[in-house]
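Since every read-out is calculated from the coordinates, none of them should be taken as a lab result. Given the structure is predicted, the values throughout are model-derived calculations rather than measurements. Methodologically, a virtual Cβ is constructed for each residue, glycine included, from the backbone with ideal geometry; neighbour enumeration extends over all protein chains shown.
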Amino acid sequence: MQIRIRTINDIKPTAEDRQNVTYNYQDELTAKLDNLNSDFDQNIVNEIVLWKVSRYALLDIETLKLINQISKDDTQLNYELTNDILLRLLSNKQKGVRLAMASTILRFKNPKIYQIIGIVKDRQSYHHKYLCRHGMKSSAAKELLLMPF
């Protein structure tokens, strides 16, 4: 049996298809990109790529203000500020950011005090349970998991 690959010539879009009337995907970014009326630059291309791979993270002003309180010159981890930032980045209201992305954002803000955390399914939960099982208090285990290596 021979399989025929469809080409663009095989597709017959309707007038409604061409208007994208019922298109519903990443509404805010789609509207922004649809309304562009300027030359493309690298930022626009990056937004299109992030739109396509569904990895666009639209941070609110308060979260950005907190992140910008971190100086590139800081050498000491501010636990309270880091906790506040992570709580905002990882809240249910924030889309597109999980722990690995949050740690990456912080790392590029200050690589001296933050590192990128790569998460394999439930890795942090596993390490937290492991540390607690071996005598570490829960709060200390959480703090240790936030520390840079």
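A few notes on this one:
- Working ranking of peptides 53-61, 106-114, 36-44, 72-80 by packing, defined as the average number of other Cβ atoms within 10 Å per residue, highest first, is 106-114, 53-61, 72-80, 36-44.
- Note on K52 and T7: their simple-model spin labels are 2.2 nm apart, each label 7 Å out from Cα toward Cβ.
- Considering the stretch 19-92 at the alpha-carbon level, its Rg and Dmax are found to be 16.6, 54 Å.
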